[in-house]
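The structure under discussion appears below in the form of structure tokens.
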Amino acid sequence: MANANQVRRYILRLKQVMDRTGLSRSTIYLRIQEGTFCKQVNLGARAVGWPSDEVDAINAARIAGKSDSEIRDLVAKLEADRKALL
């Protein structure tokens, strides 16, 4: 049985990320360049996705009214945590 504190992680494709965030494709990629959205994960030669827990964390930060600077810090932490899993 999974621990109640564990976050269920799965990969969201672009359409799902757009639906969850309300952002357009171009805005998602612009925010990645600005450092205010997590980078995509390569799934194959022509497929990418985003970890669901990272998208949810960024959404929660936006809802909480965090500044872009605070969100950049969050994104950096999320990406560092992702690398630590390897």
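Structure above, values below:
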{"read-out": "Whichever residue in segment 36-62 is in contact with a Gly (Cβ under 7 Å, 6 or more places away or on another chain) and under 19 Å from R20 (Cα atoms) and, among such residues, is most open to solvent (accessible area, probe 1.4 Å)", "value": "Q40"}
{"read-out": "Residues that are open to solvent by less than 80 Å² (accessible area, probe 1.4 Å), part of a helix (DSSP H, G or I), closer than 14 Å to R31 by Cα and free of Cβ contacts under 8 Å to residues at least 40 places away in the same chain, drawn from segment 63-85", "value": "D68, S69, I71, L74"}
{"read-out": "Residues of segment 33-54 classified as farther than 20 Å from L86 by Cβ and either in contact (Cβ under 8 Å) with a residue 40 or more places away in the chain or not aromatic (F, W, Y) (or both), total", "value": "6"}
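The values are calculated or read from the model by the stated rules, or taken from the named source; none is laboratory data. Keep in mind the model is a prediction, meaning the values are calculated, not measured. Neighbour counts are summed over all protein chains in view; Cβ atoms, including those assigned to glycine, are modelled from backbone coordinates with ideal geometry. Heads up: the accessible areas ignore ligands, DNA and RNA and are worked out on the full protein's heavy atoms, side chains in. Shrake-Rupley method; radii C 1.70, N 1.55, O 1.52, S 1.80 Å.
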